[in-house]
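Some notes on the structure that comes next.
The values are calculated or read from the model by the stated rules, or taken from the named source; none is laboratory data. The model shown is predicted, which means the values in this text are computed figures rather than measured ones. Here the Cβ positions follow ideal geometry from the backbone for every residue, glycine too, while neighbour counts run over all protein chains shown.
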Amino acid sequence: MSRLALALIVPLALPFAASAETLKLYTSQPNEDAQKTVDAFQAAYPDITVDWVRDGTTQLMTRMAAEMEAGAGQPDVLLIADTVTLEGLAKEGKLAAYASPEAEGFFDPSLFSPKGYYYSTKLITTGIVYNTGAKDVPASWADLERPEYKGLVASPSPLYSGAAMIHLATLTNDPALGWKHYEALAANETRAEGGNGGVFKAVASGEKPYGVLVDYMALRAKAEGSPVDFVFPSEGVTYVTEPVAIMEGAANRDAAEAFVDFVLSEEGQQLVSDMGYIPARNDVPSPEGFPARDSLKLMPFDPAKALADTESNKARFSEVFGVQ
């Protein structure tokens with residue numbers, strides 16, 4: 001083939017190469033879940049490559065702030081643990097509004113930003129786990145205040161766990177529970193420290209018969225034969241939702257919108273269920289052993305108020321439980 005023919009052929013490949021996009025994603029999903037999410041998205045959008053970073057939400061926010069301050073760029077999309085963090089970013093003008101067509105008709109209005117700054121992708125509820133050898137089975141949050149539960153309950157600390165902080169913000173704003181619930185728990189010698197993993201180990205081993213825990217840890221372990229079961233309390237459940245959001249000024253806006261649409265789509269939500277979580281979307285069934293999405297009683301939660309109350313809630317919790 002002549003050099004002239006080669007020169008004519010080579011430029012033809014350039015438009016295709018230039019059309020390929022690289023999406024920068026920051027996520028706090030567990031590594032295995034993050035890889036599954038990225039693989040499924042790239043299978044649906046083969047012309048988009050995902051460059052992803054995984055860490056805890058707090059660590060990701062610290063990294064992102066440092067990178068932006070240094071002029072080192074920013075992620076296009078965030079897929080992180082909670083709406084409170086995203087509410088803070090939206091308030092600072094760092095999130096882009098996007099009206100995803102996938103959001104119509106199936107989301108509980110409390111699960112997304114009215115202005116389209118973020119959308120929940122799943123429900124990770126907090127309820128009560130108990131060891132199957134325990135004498136009693138609690139039915140409500142208030143039951144944990146009863147004398148027969150004294151010294152027998154483990155709970156994650158809101159000073160350590162984001163889900164526990166949202167749990168606290170929700171329950172302390174409930175008229176029937178409020179801060180008096182936490183004061184009663186402290187008086188009842190409830191152990192509130194560390195994260196959800198420590199609570200599960202304490203209950204599964206029988207060290208503590210009861211615990212405040214996220215649903216999937218208990219329900220997956222139960223299915224695998226662990227001596228635990230789970231209660232969805234009568235007052236309702238608190239929840240985190242692993243929301244997705246597009247950063248304001250995202251360099252790859254089209255790819256970012258495609259990612260949001262994918263994780264909210266039927267296919268993306270089925271992936272959530274296959275991973276062992278309750279989908280945010282009503283028309284996708286929950287995993288085996290989990291309650292149906294529309295059967296859950298979600299306690300009212302205001303991310304903006306929770307954001308505003310975070311520091312005062314931490315201080316009051318520390319005072320009530322005598323911890324730092």
- Message: For region 202-213, give me each residue that is among the small types (Gly, Ala, Ser) and either at positive phi or part of a loop (DSSP other than H, G, I, E, B) (or both).
- Response: Ser205, Gly206
- Message: Looking at (1) surrounded by fewer than 21 Cβ atoms within 10 Å (Cβ to Cβ); (2) in contact with a strand residue (DSSP E or B) (Cβ under 7 Å, 6 or more places away or on another chain); (3) outside any loop (DSSP other than H, G, I, E, B), which one does Val199 not meet, given that it meets all the others?
- Response: (1)
- Query: Counting residues that are over 19 Å from the mean Cα position of the chain (by Cα) and not hydrophobic (A, V, I, L, M, F, W, C), which strands (runs of 3 or more DSSP E) fully inside region 42-160 reach at least 1?
  - Reply: 48-54, 122-131
- Query: Counting only residues that are among the charged types (D, E, K, R) and more than 13 Å from Leu296 (Cβ to Cβ), which one in region 228-253 is surrounded by the most Cβ atoms within 10 Å (Cβ to Cβ)?
  - Reply: Glu242
- Task: Could you grab me the full set of residues in region 264-286 that are touching a residue at least 24 places away in the same chain (Cβ under 8 Å), more than 16 Å from the chain's Cα centre (by Cα) and crowded, with 17+ Cβ neighbours inside 10 Å?
- Result: Ser265
- Message: Regarding region 190-212, can at least one residue be identified that is closer than 30 Å to Asp274 by Cα and basic (Lys, Arg)?
- Response: yes
- Task: Go through region 160-196 and give me each residue that's surrounded by fewer than 18 Cβ atoms within 10 Å (Cβ to Cβ) and among the aliphatic types (A, V, I, L, M).
- Result: Ala176, Ala184, Ala186, Ala187
- Message: So Tyr117 ticks every box in (1) closer than 30 Å to Asp51 by Cα; (2) at pLDDT 95 or above; (3) out of contact with any helix residue (DSSP H, G or I) (no Cβ under 6 Å at 6 or more places or on another chain) but one. Which box is left unticked?
- Response: (3)
